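What follows is one structure encoded as structure tokens, with my remarks underneath.
The values are calculated or read from the model by the stated rules, or taken from the named source; none is laboratory data. Quick caveat, the model's predicted, so the values are computed rather than measured. For neighbour counting, all protein chains shown are included, and Cβ atoms are generated from backbone atoms with ideal geometry for every residue, glycine included. Heavy atoms of the whole protein, side chains included, go into the accessibility calculation; ligands, DNA and RNA do not. Shrake-Rupley method; radii C 1.70, N 1.55, O 1.52, S 1.80 Å.
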Amino acid sequence: MATVASPLDRIRPAAPVIEPRGVPEFVQQQIKGAVHKELIQRVDLDKLSDLNESQGGQKQLFQLIQQLLGEQGVPLSSTERDRLAKEVVNEVFGLGPLEPLLSDPTVSDILVNTYNSVYVERRGQLEKTNIVFNDNRHLLHIIDKIVSAVGRRVDESSPMVDARLADGSRVNVIIPPLAIDGPILSIRRFGNTPLGAEDLLRNQMLTPPMLECLQGAVKARLNIVVSGGTGAGKTTLLNVLSGFISSKERIVTIEDSAELLMKQEHVVRLETRPPNVEGTGAIRQRELVMNALRMRPDRIVLGEVRGEECLDMLQAMNTGHDGSLTTIHSNTPRDALARMETMAMMGDVRLPEKAIKAQIAAAVHLIVQVSRQADGTRRITHISEITGAQSDIISMTDVFLFEKQGLGANGKVRGRFYSTGIMPRFSEKLIAAGIPMPLSIRDHSVEI
Ligand SMILES: Nc1ncnc2c1ncn2[C@@H]1O[C@H](COP(=O)(O)OP(=O)(O)OP(=O)(O)O)[C@@H](O)[C@H]1O
Ligand SMILES: [Mg+2]
């Protein structure tokens, strides 16, 4: 309702305006910074960590922060004060602005592109958040906390780091001068609840008969390579496949930064080591594969084959360590074979191409191709069997395929999982292991 202007308005002093929106965000951030500094000055840091350990201590600390906030002389509402106090606690003990994202189970990736642009992936889709750091120095400080907790460091002389959070999440950091605009942080979360076989079925990454086939293949000790692009779901599938290994077996896992979450009891986990400040002391995957062979493993699970260790892995697969599992970065099963060839050659340049091809054909039984679709869903697009090598060509037969059939309503990718009708040769191995594959898999077809 419009009010009628009174001639007296001009001489009446204006009534004090009550700000309905509270204290502006940038002022709150300044207060937070000031309180953080004050807190560190007043309480010594050793005592702070003691305080953090006990429940009562946390409460005491929270009260102290509240008191310091009160001393700043800015009228904050109680919700603002609580929120700021929590943020200060996160700043001191946790990972600052990242904390709310880390405690959100629906977030699978956190991508920080300099201090003022933070993206997350939820259910396969990227979205921008309104989370910001104060500045790039603040971001670098949080990054420092992450990497120093696992005994690594990041600075101009080593500006790229892979690390791992306490909950198993994988972290990559790259800072200037390599990253042009400021520090970049990428976190791949392997939350406390990794995706299991049921989740993959629910998300239609594959169908029940395909899962049954893969489960049988793992149990019957086939050597399996999971192939796919970045973020396609290779490690997730490897984790699920490893879950089918019997708990009676001794498993050795080898990774660049440990991501696999094995449920079995008898697991030895190995992780590579980057070079030290002088550039020496690195332990590569190849050395770990060789060492693993001396540890009497029943199975070797190699997180991702990236280079020369491919040759040792193939040799291991060929010399009695069958049932090994690994992943490879490539876009088709054929591509995966070509990459393995190149990588094996890095391991020993003197080996003739033909010999390498023969080794691959003899070592690898199954290639499972995973791919990330345009709508963010992940599908197994091929389960292909390696059937041998004729002259210079490795022969491969598709057992299951996914065929894209276009886009449905709301942008969902539609398609069909189907079996090619060929009974895989490895079905004999499955029968021998007491896990016969049902004949019905030969005419399997499911539209989604
Ligand atoms: N079937 C699935 N359904 C939904 N989300 C999935 C599925 N598989 C994987 N994801 C999610 O996709 C992300 C990437 O998965 P994952 O780490 O397994 O991929 P990757 O191929 O190993 O990636 P990289 O190439 O970086 O090693 C994870 O956040 C994971 O939770
Ligand atoms: Mg991976």
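One table, with the values for the structure above:
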{"read-out": "Most fluctuating residue given options GLN41, GLN373, GLN359, as computed from a GNM of the chain linking Cα atoms under 10 Å", "value": "GLN41"}
{"read-out": "Inter-centroid distance (Cα atoms) of segment 185-220 relative to segment 403-433, Å", "value": "15"}
{"read-out": "Under Karplus coefficients 6.51, -1.76 and 1.60, residue-wise ³J(HN,Hα) of segment 401-413 in Hz, glycine/proline x", "value": "9, 10, 10, 6, 10, x, 9, x, 4, 6, x, 6, 6"}
{"read-out": "Per residue accessible area in Å² of segment 203-353, where ligands, DNA and RNA are left out and the probe is 1.4 Å", "value": "41"}
{"read-out": "Amide hydrogen neighbours beyond the local backbone of ILE283, cut-off 5 Å, H modeled", "value": "ARG273"}
{"read-out": "Nonlocal amide H pairs with THR327, under 5 Å, H built at 1.01 Å", "value": "VAL226, GLU304, VAL305"}
{"read-out": "Residues with amide H under 5 Å from that of VAL23, placed H, sequence gap 5 or more", "value": "SER77"}
{"read-out": "Helix-only CD estimate at 222 nm, as mean residue ellipticity for the chain, using -39500 (n - 2.57) per DSSP H run (n ≥ 4)", "value": "-10500 deg cm²/dmol"}
{"read-out": "Given charges at beta-carbon only (K, R positive; D, E negative), |dipole| of the chain in Debye", "value": "720"}
{"read-out": "Entries of LYS86/LYS263; LYS128/LYS234; LYS234/LYS357; LYS263/LYS429; LYS357/LYS429 with Cα pairs more than 30 Å apart", "value": "LYS86/LYS263"}
{"read-out": "Under the span-like rule (Cα at least 18 Å along the axis, Kyte-Doolittle mean at least 1.0), DSSP H helices of the chain", "value": "none"}
